[in-house]
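In what follows, a structure is listed as structure tokens, so that the remarks can point back to it.
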Amino acid sequence: MHLLMITGFLGSGKTTVALQLASACIQQGRKIAILVNEIGEVGIDGELMRELEVNVYEMANGCICCTLAGDLVPTLEKLDQEYDVDLVLMEPSGAAEPGSILNLLQYYKGRPLESVSTAAVLDPLRLRELYEVVTPLITKQIKNADLLLINKADAATEEQLQDVYRIVEEVKPEARYFLVSAREGLGNELLKEILPWKD
Amino acid sequence: MEGLGLEPYAAVIKWSLAQKQPLKFWQELIAEFLEQLGQACAADEKRVLGHIKCLARFPAGRHLRGSKISLSYPAEVEMKGQETTKYADIKLTLNVLVYGLPHDEAHRTVEKVGFALAAKRQGKMELLSVSYPDDRQHDHHDHEHDHDHDHTQEEY
């Protein structure tokens, strides 16, 4: 079982990315489960994901990096025991700090995870504004990511994209990134890069 | 945003009209609702819009999915399904995530904006349920992850 975590601030497009990834996996004949966490009490993203007819586990009413931290590992272990999935797509809440989530995985006692990777979705339309007011969270999301998805690239101005590059350069100069417009699809090149299997 | 708490507010609201209207009409109504709600919730410049999002589901996988993330950009409502399908009422699940906005104020704002939009179209709005956490706030930016609390749900 592989684990792929899609992080990013509120409204950056994580759910759209997760839906696209889930669709791609299904088309490839892979068995997946989605673990979606919403800080609000009423889950919306999980409802959308269920339309794909995949196993969706919703952890609402809190954040899996802190208030719901105790539920994360048991949920992953349940997924391991009850379903033979190839991949768990995990979408933490937009307020979640990914490092805390990754730390929790040391307590996971199921079959060894074949891979754990993290992709952070960045919104160039407001990254500069957010970076200035919520620097620690944005910094941690970028630092903990194996791959950055600069979303809404079709709507962003050149100036906004340059701003994103500057922030990424400041926080994690070695970061690998893709420009995407998740609503339009992710493209084969990115899918090959982000999905854990290489066949 | 440092020091601003996040009090998630959620509600299920129902808008009803005398006559059935196509999805396109409801799409525009939701966009107007999110736009006005976003502007009102973040009117105080100390507040920061996290995400105001909503979903209205219809039979056969149709849905309207709305989002407002910034005062600088208009609310967006994505429609899945045939534009010509008509409905006299819709049920909307709403999440309001605005840093620095107390949940009771979020509630009053949702009521004010929603009722006004319904009245403008000679319709009505009902709040079917409302939920929010207790008075302990979320602050995910500079805390040490030492709080571990439950939330309560209240039905109005």
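The values are calculated or read from the model by the stated rules, or taken from the named source; none is laboratory data. Owing to the predicted nature of the structure, the values given are computational and were not obtained by experimental measurement. Note: ideal-geometry Cβ built from the backbone for every residue, glycine included; neighbour counts use all protein chains shown. Side chains are part of the model used for accessible areas, which takes the heavy atoms of the whole protein and leaves out ligands, DNA and RNA. Shrake-Rupley method; radii C 1.70, N 1.55, O 1.52, S 1.80 Å.
The figures follow:
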item	result
Relative contact order (percent, whole number), chain A, Cα cutoff 8 Å, 6+ residue spacing	27
Heavy-atom SASA rank of A:K14, A:K140 (probe 1.4 Å, accessible area, largest first)	A:K140, A:K14
Rounded accessible area per residue of the protein assembly as shown, 1.4 Å, Å²	43
Crossing angle, helix A:14-27 versus chain A [Cα axis fit, 0-90 degrees, rounded to tens]	50
Too-long pairs where the Cα-Cα distance tops 21 Å, listed order kept, from A:K152/B:K68; A:K78/A:K192; A:K152/B:K112; A:K14/A:K78	A:K78/A:K192; A:K152/B:K112; A:K14/A:K78
At R0 = 45 Å, FRET efficiency that the Cβ-Cβ distance of A:K78 and B:A18 yields, to 0.05	0.40
Per-residue SASA entry for A:V42, accessible area with 1.4 Å probe, Å² rounded to 10	40
In segment A:83-178, the chymotrypsin sites (Phe, Trp or Tyr not before Pro) that fall in loop regions by DSSP, at most 16 other Cβ within 10 Å	A:Y83
Highest-MSF residue in chain A out of A:A18, A:A120, A:A155 [GNM, Cα springs under 10 Å]	A:A155
Global geometry of segment A:128-199, whether rounded, prolate or oblate, following the gyration tensor of its Cα atoms and the 1.5 cut on a/c	oblate
For segment A:113-199: relative contact order, % (alpha-carbon pairs under 8 angstrom, 6 or more apart)	32
Nearest 10 degrees, 0 to 90: helix A:69-82 Cα axis against chain A principal axis	50
A:T135 accessible area, 1.4 Å probe, all protein chains in place, Å² to nearest 10	50
Partners for B:K86 among lysines (Cα-Cα distance below 16 Å; same-chain residues under 8 apart left out)	B:K14, B:K20, B:K24
Exposure rank, largest accessible area first [A:D154, A:D123; 1.4 Å]	A:D154, A:D123
Residue-level accessible surface for B:R65, protein heavy atoms, 1.4 Å, Å²	50
Sequence of B:L71, A:L105, A:L149 from largest to smallest accessible area, 1.4 Å probe	B:L71, A:L105, A:L149
Mean ellipticity per residue at 222 nm, deg cm²/dmol - from DSSP H runs of n ≥ 4 across chain A, formula -39500 (n - 2.57)	-11500 deg cm²/dmol
Within the accessible area of the protein assembly as shown (1.4 Å probe), percent carbon and sulfur	46
Computed Rg/Rh of the protein assembly as shown, alpha carbon atoms with Kirkwood Rh	0.95
